[in-house]
Every structure is written in structure tokens, then in C-alpha cells.
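Engineer: Can you keep this structure in mind? I'll have questions shortly.
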Amino acid sequence: MRQSVLLRRVVLLGLFFVVLPCFLFMMFNLPSTNSKSEREDFGRESSGLVKNNGHTSDSHKLNVIEEGTEGIVYKDESFHTPVMRINGSLGKGGLVSDGDGSSKQIQTTTKEIKKVSAEVIREKIWEMEDQVIMAQAYLRFAPPGSNSHLVKELKLRIKEIQRVLAHTIANKRLSRSALQKIRQMEATLFRAQAAYPDCAAMATKLRAMTYNTEEQLRTQQNQASYLTQLVARTMPKGLHCLSLSLISEYFGLDTEKRLFPRGNFVEDPQLYHYAVFSDNVLACSVVVNSTIFNSKEADKIVFHIITDSQNFPAMSAWFLLNPPSPATIQIQAIENLKHLPSNFTSSFKFHDFGDLRFTSRFNYLRFYLPQIFPSLSKILLLDHDVVVRKDLGELWRIDMEGYVNLAAEACDNTGDSVNRIKTILNFSEPVVASKFDGDTCIWAFGMNLFDLDEWRRLDLTDAFHKWLQLGKEGQLWKTGTLPIGQMVFYNHTMALDRRWHLLGLGQSSFRVVSELELERATVFHYNGNMKPWLEMSIPKYRVYWVEYLNYNNSLLLKCNIHK
């Protein structure tokens, strides 16, 4: 039996070694699909398209763009991948032609074609911009009032290139005449270089042009920043209408109906006290509604809203008509607060900040919390541009271990210098450098729990006044109340997990906020100019704010305030 099996294996191996040479002979002696003459034709045609060590010419790149849009999209059955077959076009290997003069078809993905096209267009845009700058520089060498042929030609070329540039940027396409205009400008610039050969003078002129351009850009950026800040502080038409309507409602109420219920709870230290300083009715409504809605003990909440005398009637009318049950609310006007310094309003206008937010009285009111609420031991301060997404009751049970301020830090543990106090304090001043560590992490205003008893014991309001006076004598910090807050509460702040307080939802240039961060955060803070009640807000973040407004309210409908 074993001998018969062995015999069969020997026969099979013999047949294999007989058939294999025949198969290989047939494979290597099949006729070529391209004849010698066809290969020579291909060599001549492809060599005419390649120059500069294999890089395609500008005209060939242009053909890629224009012909690439006329390709035929089909589906390869063997690979099930959408590809584009382009007649006479270029893959990464160059243009291939058959011996009969017709171009071979090269399969390239649509994505690759678009990438090549975009790169070519971007390079040509940069080249045209550089040409315009050089031509303008040469024009400045011409004598004033000169009307020579070269000057006329430079002006003509500048206009042509600018038209081509505008068309290319607008349509994201390079026209057939674009390369011709670029070559004509190159020739004109070559003649201008011969006419003005002084390289040192040209370098000086270009440096001067660069400086002037940078100054113009800086001025325009400052103007844009100021206007953006102005828009952020300007009351929209709908809010103005709402305020007027609420004022009318307030003065239409009887005197006894202007009082809020549960007035005996506003000084009870056993309850959870929240403070909001604002002149914006809708913003305060969202803060109050979102806090109460997500609270597990809403009946223990007391809101203290401080506004100005101008907005006091409107703010009071809104919460009288829309009571935040079961919580307690108190509305006060800043002018009626008894324990503020007599010069409170004028004390903070000692620097020309330019940003209207930084001179607001509400921003400085936070440094007088122990005086405003003398009977309270703790208070949670919320900015009016926040939305509370989860219960805040756990904060009141945190042991602050002798710290005055409980706040989330604005920096991470990566060692990045961003959001360190050296970026907002002037460490060239000896009094700053001797008192603070520049690498200390900045903590954020917006959601802060303050131990008022410890604040009073350390007399930090007096420390605030001292730093304020030193700030008047020298520029110790940049604009706003955040820097002086870092100084007053330095070594008196306890870090809170960043998940409690999510920053940056009102900043267009802020880092991208992930869905995980949004899901985990307790408080959303729309710090920045793009507030959720403005048209310039960021829509994907604004949706979390509008949840807590009843847009079917008759006053909102009357004033055309909608989602």
C-alpha cells in the first residue's frame, strides 16, 4: 500500500517539472501589447511634457484642472471603488499616450484630482499676490507724476493680475488666460528689475511697505475688536422692547403686589444662596430657571439678583409675572446697597480699557460680597452668561478647608504657559514679581463659591482696595477684573474639578469642545463676545441656552423674541 502511494507522488512530481518549464516559456515569449514604434512614440510624447527633473509644467497643471472636471466617473466591478477615468489627463505618473496618438486612460480617484487642483490653484494665488506686491514696489521707485511706458505697463499688469486673482479666489478655478497673464507680469517685472537694479533700495522699500501694512492691519483689528465688544454690550431691539413692556407692567401693579413672597428666607444662612449681578432680564431668567430645574432641593434655593435702578422695574416685573417657584428670589438695585463705598462707581475708571465690559460696575461688585450680604456665611456667585445643566447642591457640602474661593482652574496639566497668571499680570513690576508665581494656574470667574466668614476674617476687601490703588499708580495687570481677582484670592483659592465649569462657549476662536465635555459639564459658560442672546452667538452651543426660556410667553411674542 505504501509503495503504491509513493509511486503516485513520484508520477505527480514528474508531471509538475515537465509542465512548469513549458508554462514559463509561454509567459515570457508572449507578444508585447506595445510595439517598438509605439514605445518610441510614447517616449517622444512624454518627454515633451516633463521638465525640471520630472516636474510638470504650469500649462500641464492647468490642463489637469480643466480636463479633470470632464472625466467620466464609473465603478470598478472588481474592487467596488468609485474611480475617475480621465482622457488625456494626469495621474501622479504623468500623461501617457498610445502609439496611435490617443491618450491612455489613467484611473485616479476623484479625491486625488481635487487635491492636485487645489494645490495648483493655491500656489498660483500666492504667486500672483507676490507679483502684485513686487510691481507696486517698483512703481514707488518711479518719479512722482511719471508716465513712462514702464509705469503704464506695471499699472496695467497689476490691474490684470488683480482681476485674475479675484476671479480665481471667487470661483476656485484657474482660467486658461491666467497663466498667460502671469507670464506677461513676469516679463514686465524682469524689465522693471533691469530699470531699477538697486537691490538695497528695493529691500528698504519692501520693509517700509511691510511695516505700513502691519500698522494698517493692527488698526483694523483694534477697530474690529472694539465694534465686536460694542455689539456684545448693546441691547438687541427685542430686549429693549421687553424691558419697556415690563416697566409698563411693573408700574401697573399695586404697591403690595410688587413685593416678592417668602421675604423672610432671604437672610436665612441655612439655605443655598446664589447671587447674580446683571441688567439683562433674559439672561437672569435662564440662570434662575436652569438652576431650579436641575436642583434636587429647589425649595432651599434663594436667588439674589442685583441690577441697576434703570432696570430694577423690568427685572422685578419679570419675576413677579414668572415666579421661580419653589425657590425664593430677591431683586435689589445697586444704588440702594447700603454698605458700598461712596465712590464705588468712580473708583474703577482709572485705565482706558477700550472694552466696555471691563468698566462695568457689576464686575467689581463681586469684591464686596461680605458687605452686601452681612448675614450670610456662604454664597455661590454665577455670571449671567451661564446655564446650569446639573444639580449644584453638592458644592455646598464641600469642605473648603479654610479657603475663601472655590473655583475651577482654566489651565490643564500639560505644562502649557497658556492661562497662567504671568499672561495677565505685569511681572516686570517688582511688587508683582515678589508676590506671585507666574506659573500659577488661572482660575475662572463665572461659578465661584465664597466662604464669606473666612473672607471677613482675612479682610480681603481691604486687600482689594490696596491692589486697586497700586494699579492706579502703575500698570500691574491687563484689562478686566480677572487679574486683580487672581491677586486678591492668591493662595486663598481651592481648585474645583474642571467638569463643574465649562468655559469658552461664547468664543469663536476657542478650542473645539468635545461632546464628552458637554455631557460631563455641570455649568456651561458663554464667556466671550458671542453671547447666546445675540444673533452673533454660536448656534451649536446656543441650543443649550434656549431650552430654559418659554418662547410662548406673551411678552416675548410681542417683542418678536424667538429661538
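Only the coordinates and a few stated rules stand behind these numbers; no lab work does. Nothing here was measured: the structure is a model prediction, and the numbers come from that model. Cβ placement follows ideal geometry from the backbone for every residue including glycine, while neighbour counts extend to all protein chains displayed.
Engineer: Which of GLN221, ALA283, ALA314 sits farthest toward the positive end of the charge dipole of the range 197-348, with +1 on the Cβ of Lys and Arg and -1 on the Cβ of Asp and Glu?
Structural biologist: GLN221
Engineer: For ASP308, what residues show an amide H to amide H distance below 5 Å, using hydrogens built from the backbone and excluding near sequence neighbours?
Structural biologist: ILE334
Engineer: Kindly write out, for the range 468-477 in residue order, the coupling ³J(HN,Hα) from the Karplus curve 6.51 cos²θ - 1.76 cosθ + 1.60 (θ = phi - 60°), rounded to whole Hz, with x marking Gly and Pro.
Structural biologist: 5, 5, 5, x, 6, 7, x, 7, 8, 8
Engineer: Going down the table (LYS338/LYS390; LYS300/LYS390; LYS531/LYS558; LYS478/LYS540), which pairs top 24 Å between alpha carbons?
Structural biologist: LYS338/LYS390; LYS478/LYS540
Engineer: Give a residue-ordered list of calculated ³J(HN,Hα) values for the range 423-438 (Karplus: 6.51 cos²θ - 1.76 cosθ + 1.60, θ = phi - 60°; whole Hz; x for Gly, Pro).
Structural biologist: My calculation for the range 423-438 gives 7, 10, 10, 8, 7, 6, 7, x, 5, 7, 4, 7, 9, 10, 9, x Hz in order.
Engineer: Taking R0 as 60 Å, what FRET efficiency do you get between GLU119 and VAL543 from their Cβ-Cβ distance, rounded to the nearest 0.05?
Structural biologist: 0.95
Engineer: Let me ask something else about it. Multiply the residue separation of LEU516 and ALA195 by 0.36 nm, subtract the distance between their alpha-carbon atoms, and state the gained length in nm to one decimal.
Structural biologist: Additional length available on full extension: 109.2 nm.
Engineer: Label-point separation (nm) for SER342 and THR255, each offset 7 Å from Cα along Cα-to-Cβ?
Structural biologist: 3.0 nm
Engineer: Then there's this: Could you tell me the center-to-center distance, by alpha carbons, between the range 130-198 and the range 483-528 in angstrom?
Structural biologist: 51 Å
Engineer: May I ask which residue of ALA208, LEU179, LEU230 lies farthest towards the positive end of the charge dipole of the range 173-232, with charges of +1 (Lys, Arg) and -1 (Asp, Glu) on Cβ and the Cα centre as origin?
Structural biologist: LEU179
Engineer: Sticking with this structure for a sec: Mind giving me the nanometre distance, one decimal, between the label points for GLN136 and LEU206, set 7 Å out from Cα along Cα→Cβ?
Structural biologist: Once both label points are built, they end up 1.5 nm from each other.
Engineer: If I model a spin label at SER177 and LEU230 as a point 7 Å from the Cα along the Cα→Cβ vector, what separation in nanometres do I get?
Structural biologist: For SER177 paired with LEU230, the spin-label model returns 4.2 nm.
Engineer: So if we plug the beta-carbon distance of LEU534 and SER309 into 1/(1 + (r/R0)^6) with R0 = 25 Å, what FRET efficiency do we get, rounded to 0.05?
Structural biologist: Between LEU534 and SER309 the formula returns 0.50.
Engineer: Starting from a Cα-only point model with no solvent, please compute log10 I(q)/I(0) by Debye for the range 177-307 at q = 0.11 1/Å.
Structural biologist: Results for the range 177-307 at q = 0.11 Å⁻¹ read -0.69.
Engineer: Measuring from the lowest to the highest alpha carbon on each principal axis, how far does the range 124-199 reach, largest first, in angstroms?
Structural biologist: Extents along the principal axes, in whole Å: 38, 22, 16.
Engineer: Could you calculate the contour length gain from ASP453 to ALA166, that is, 0.36 nm times the residue separation minus the distance between their Cα atoms, to one decimal place in nm?
Structural biologist: Stretched out fully, the ASP453 to ALA166 stretch lengthens by 96.8 nm.
Engineer: Pop out the ³J(HN,Hα) list for the range 487-499 in order, Karplus 6.51 cos²θ - 1.76 cosθ + 1.60 with θ = phi - 60°, rounded to Hz; leave Gly and Pro as x.
Structural biologist: These are the phi-based 3J(HN,Hα) values: 6, 5, 9, 5, 6, 10, 10, 9, 6, 10, 3, 5, 5 Hz.
Engineer: Express in nm, to one decimal, how much length is gained between LYS155 and ALA433 on full extension, taking 0.36 nm for each residue of separation and deducting their alpha carbon distance.
Structural biologist: Length difference between fully extended and current span is 94.5 nm.
Engineer: Here is a further query. Would you please state which residues of the range 421-460 a label at LYS478 would reach in this model, taking the label point 7 Å out along Cα→Cβ and a backbone N cut-off of under 11 Å?
Structural biologist: Label zone hits: 421-426.
Engineer: Determine the equivalent ellipsoid of the range 505-562 by diagonalising the alpha-carbon gyration tensor, then write out the semi-axes as square roots of 5 times the eigenvalues, largest first, rounded to whole Å.
Structural biologist: 24, 14, 8
Engineer: Where Rh is the Kirkwood radius over the Cα pairs of the range 246-295, the temperature 25 °C and the viscosity 0.890 mPa s, what D in µm²/s does Stokes-Einstein return?
Structural biologist: Working: Rh = 13.4 Å.
Approximately 184 µm²/s, per Stokes-Einstein.
Engineer: Once amide H atoms are placed 1.01 Å from N in the peptide plane, what residues at a sequence separation of 5 or more from LEU496, or on another chain, have their amide H within under 5 Å of its amide H?
Structural biologist: Residues meeting the criterion, in which the H sits 1.01 Å from N, are ALA407, ALA408, GLU409.
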